1. Looking only at the stretch 14-47, count every residue that is farther than 25 Å from residue 99 by Cβ and in contact with a strand residue (DSSP E or B) (Cβ under 9 Å, 6 or more places away or on another chain) and tell me the total.
2. Could you look through the stretch 27-54, keep only residues that are surrounded by 19 or more Cβ atoms within 10 Å (Cβ to Cβ) and either farther than 20 Å from residue 164 by Cβ or more than 14 Å from the chain's Cα centre (by Cα) (or both), and pick out the one that is nearest to ligand 1 (Cβ to nearest atom)?
3. Only one residue in 277, 302 is crowded, with 22+ Cβ neighbours inside 10 Å, closer than 21 Å to residue 61 by Cα and within 21 Å of the chain's Cα centre (by Cα), so which one is that?
4. With respect to the numbered conditions (1) surrounded by fewer than 20 Cβ atoms within 10 Å (Cβ to Cβ); (2) in the same structural domain as residue 66 (by TED's automatic domain parsing); (3) touching a helix residue (DSSP H, G or I) at 6+ places or on another chain (Cβ under 9 Å); (4) at pLDDT 95 or above, which one is the sole condition not fulfilled by residue 163?
5. Would you check if residue 248 is away from ligand 1 (no atom under 15 Å from the Cβ) and surrounded by 21 or more Cβ atoms within 10 Å (Cβ to Cβ)?
6. Cβ-Cβ below 6 Å, separation at least six or inter-chain, first residue in the stretch 105-121 and touching a residue at least 12 places away in the same chain (Cβ under 8 Å), second away from ligand 1 (no atom under 16 Å from the Cβ) and in a strand (DSSP E or B): which pairs?
7. Would it be correct to say that residue 42 is closer than 27 Å to residue 149 by Cα and within 16 Å of ligand 2 (Cβ to nearest atom)?
8. Scan 19, 7 and give me the residue that is part of a helix (DSSP H, G or I) and surrounded by fewer than 23 Cβ atoms within 10 Å (Cβ to Cβ).
Ligand code: 5GP
Ligand code: MN
């Protein structure tokens, strides 16, 4: 029986559903990060070991720095034609299905499991495993694996430690609790290689990436008594440095790290849309600020897509963060 109302599912309910089904499609969000991908890969590997059929759907290609993740080469935009129609579609790390992109086939809600740690999750599945106190979607998956008594292989541990390291910014963000460090130590004991993850994800930049960071930082502006720092990346800057969207990921951290800054914004004006990344130090809730403009995320890290001109986007973001108390 399917409830028409969105609701939360218990660990036991989700585990029962995972045991019952024989085929699974893991869905990660557009502009995939280590959490959306690592969480699905980890659970997928465990289910394959249980003899289940597993596929991975992702609109965008796997980012260069995540291709080392075990099973990342199985990720595709197409699902095999003979895939069972009663497969469970498992969405990882997204508050609504829109984040999966435009290529997502139409799905029956009864076949949707939503695993996530976002506060604003819309509970779009028949099963919703949304734990907003968890540091990553990967640690939600770890809870399921433990409840299932599933063996945690080196490959699973590597994927899970990656979800933690990406979503805690390499153990630096405030979501890095003592529990998170304990879990990370356990995953390391199980074979996850912290050194490899650090090297591949955080210290493996193309020269073009370094150059686009430099360009964007040179363009940075400080406003509102030094509490708001923003910058932009546009097509021209990408062309001149030879960088692409993947190379722009770390710019926002630098803007946020300026002394006295409460909120940082990066406006990415390429590929047709204006994508905005917001980061805060906790004083202003950037999830709510992004929410005012149709986006979302977490208290200290959020994003949105703005439809309009860059000038209008900048005004709208200023207004949204002011309204949230900057
Ligand atoms: P980023 O700045 O890395 O693109 O996004 C930061 C965080 O904000 C993501 O981890 C995600 O949680 C959230 N986020 C980014 N863009 C969107 C969006 O368009 N909608 C929603 N709901 N969340 C977003
Ligand atoms: Mn996440």
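1. Going through the stretch 14-47 one residue at a time, the tally reaches 2.
2. Here the residue is 27.
3. Details: 302 fails: closer than 21 Å to residue 61 by Cα.
Among 277, 302, only 277 is crowded, with 22+ Cβ neighbours inside 10 Å, closer than 21 Å to residue 61 by Cα and within 21 Å of the chain's Cα centre (by Cα).
4. Every listed condition holds for residue 163 apart from (1).
5. no
6. Listed pairs, sorted by first residue: 107/89; 111/88; 111/89; 112/89; 113/88; 113/90; 113/127; 115/129.
7. It is true that residue 42 is closer than 27 Å to residue 149 by Cα and within 16 Å of ligand 2 (Cβ to nearest atom).
8. Values: 7 fails: part of a helix (DSSP H, G or I).
Among 19, 7, only 19 is part of a helix (DSSP H, G or I) and surrounded by fewer than 23 Cβ atoms within 10 Å (Cβ to Cβ).
The values are calculated or read from the model by the stated rules, or taken from the named source; none is laboratory data. All figures in this text were calculated on a predicted structure; none of them were measured in a lab. No Cβ is skipped: glycine too gets one built from the backbone with ideal geometry, and neighbour counts run over all protein chains shown.
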